Amino acid sequence: MSKGATLRDGVGGATAPPFATRRWALLAMSVGVFCIQLDSFGLNLALPQIGRDLHAGGAGLQWVISAYLLSTGTLMLGAGRLGDLFGRRRLLVAGLAVFGASSLVCALAPTLPVLVGARVAQGAGAAMIMPVGLSLLTNVYPAGLRGRATGWALGIGGIATACGPFIGGALTESVSWRAVFWLNVPLAVLGAVCASRTAESYDTSTPRNVDWSGLAGATAALAALCVVIDRGPHWPWPAASAGVAVAAALLILFVRRERSAAHPLVELSLFRNGPYMALTLAGAAANTTTVMFLFVVPLTLQGQWDLSVVLAGTAFLAPALAMALAGPLAGRVPPRAAVRLMAGCLCGGALVLACLARTSSLTLYVAVATVGGAVLGVANSLTLIATQAVIRPERAGEASGVTKTVITVAAGLGIGLAGAVTDQDRGVGSEAAADTALLITAAGCLAACVVLAVWIKLREGAVRAGAGESGGMTQFRGRYVAEP
């Protein structure tokens, strides 16, 4: 444990047995990530049936997806730091409890407004689970093992990410869309029980003073930004421009507040940590690419290749498995190699999307998609694992909250672009629209790869210039970390 980070069992103050602490924390995080990712991608094919059952339609149905993602993206930043201050175990148990309770309300929702409101509550629970769970693993595992542990948790979540459309579609066809939410209830209870049996940990390097003004400002700014990203494309340009201006103004006010706060919600020096920022921004590009991949491939299997939901899901099992296995593999990557590997993954992701847009055989399409699942799975897992390796463990919740917020907002961009390939009548993707979206995303991914490669070269030159003084290491907030 580093200075400022404490690990307690929450009972008598004694240090908890390491193995028990790790086991329960890993199980709780794995279950939580699985539930979060399943509900992010498991309802896309169920929207038509939800509309029929709740006698709703039109643009209102989109809020079943958007409300969850907006709530999650808006609240993650604050939740991560609150976990550092008031107890990561406590916030993780609370997040799982909120997620499970709101899932129960979703399963019983009699109307669309009730369902959307419960989805907002689900997003609040997810916002606590993800960054707090990551920071808990960072603090209960020693440095040599935490990457692998986080990789396993993200790999299990990757199963839900990749199989979400298939699981949601199959449950909707065979039982009901409500079954997706019923599945969450026992899983959330299991996760909360596991989390309650792990050790508590705090950041003791600063007083437990919450920057409430900063928290309110960050939440308002992120809420405005997420709404503009999600709804802005459907607004007239004056309203969209005004929304962007409001979000920008709120972000500027937040930064000004953090500069003057005695105990800021987010230390602005975090954004001067080169490896952390490179991995976070590259992860945002990778996450946007992944969202497009997860939307377009299953829809194209149904549209272009004319497969049923079940057959499309079966064909997608190979890419799904590759994506799930990528998490544990990413956990074994040494921090020094993380940024270079991320650049390679971005390049590979761009090539995969370009090939998918030009593939004329179903067998080859699935084979290329499988490679894409592996490449993008490594990139996304690496974002969350490697960023935790280059920050101080006691403020791990703060850093994971920032990272998750950035990549979640990027996912919103991906979902907006993915919506263009969906036929509202059939719920599947047209070939021309899918190919165009894939090529646009591939170009963006390749551009991110080029920018990251240039940054690596510049960074290497700076490291060589200062190697005589620092031995190839850089100091970030009191902790030395290896340069990429």
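The values are calculated or read from the model by the stated rules, or taken from the named source; none is laboratory data. Worth saying up front: this structure is predicted, and the values here are computed from it rather than measured. We place every Cβ from the backbone using ideal geometry, glycine too, and count neighbours over all the protein chains shown. All accessible areas refer to the heavy atoms of the entire protein, side chains included, with ligands and DNA or RNA removed. Shrake-Rupley method; radii C 1.70, N 1.55, O 1.52, S 1.80 Å.
Residue-level check: of (1) hydroxyl-bearing (Ser, Thr, Tyr); (2) open to solvent by 50 Å² or more (accessible area, probe 1.4 Å); (3) outside any helix (DSSP H, G or I), Thr314 misses just (3).
Only one of the numbered conditions (1) under 23 Å from Gly157 (Cα atoms); (2) in contact (Cβ under 8 Å) with a residue 24 or more places away in the chain is not met by Pro186, and that is (2). Please go through the stretch 192-219 and give me each residue that is more than 24 Å from Gly100 (Cβ to Cβ), open to solvent by less than 40 Å² (accessible area, probe 1.4 Å) and assigned to a helix (DSSP H, G or I), ordered by number. Residues satisfying the conditions are Gly214, Leu215, Gly217, Ala218.
Counting the residues of the stretch 265-289 that are open to solvent by less than 10 Å² (accessible area, probe 1.4 Å) and assigned to a helix (DSSP H, G or I) gives 9.
Going through (1) small (Gly, Ala, Ser); (2) modelled with pLDDT under 85; (3) under 11 Å from Leu376 (Cα atoms); (4) surrounded by fewer than 19 Cβ atoms within 10 Å (Cβ to Cβ) one by one, Gly344 falls short only on (2).
Annotation note: Cβ proximity below 6 Å between a residue of the stretch 328-344 that is within 16 Å of Glu460 (Cβ to Cβ) and a residue that is assigned to a loop (DSSP other than H, G, I, E, B) and open to solvent by 10 Å² or more (accessible area, probe 1.4 Å) (sequence gap 6+ or interchain) occurs for Val339/Pro484; Leu341/Val333.
There is at least one residue in the stretch 34-47 that is touching a helix residue (DSSP H, G or I) at 6+ places or on another chain (Cβ under 9 Å), at pLDDT 70 or above and not in a helix (DSSP H, G or I).
Exactly one residue out of Val180, Val175, Val189 is touching an Asp or Glu at 6+ places or on another chain (Cβ under 8 Å) and either surrounded by fewer than 24 Cβ atoms within 10 Å (Cβ to Cβ) or modelled with pLDDT of 85 or more (or both): that is Val180.
Screening Ala262 on (1) open to solvent by 30 Å² or more (accessible area, probe 1.4 Å); (2) part of a helix (DSSP H, G or I); (3) of a type in the set (A, V, I, L, M, F, W, C) shows it passes everything except condition (2).
Of all the residues in the stretch 86-108, those that are open to solvent by 10 Å² or more (accessible area, probe 1.4 Å) and either within 28 Å of Thr280 (Cβ to Cβ) or touching a strand residue (DSSP E or B) at 6+ places or on another chain (Cβ under 9 Å) (or both) number 7. Residue count for the stretch 127-150 under the criterion of being surrounded by fewer than 24 Cβ atoms within 10 Å (Cβ to Cβ) and touching a helix residue (DSSP H, G or I) at 6+ places or on another chain (Cβ under 6 Å): the result is 3.
Does the stretch 230-240 include one or more residues that are closer than 30 Å to Pro48 by Cα, without any contact (Cβ under 8 Å) to a residue 60 or more places away in the chain, touching a Pro at 6+ places or on another chain (Cβ under 8 Å) and open to solvent by less than 30 Å² (accessible area, probe 1.4 Å)? Yes, that holds for at least one residue.
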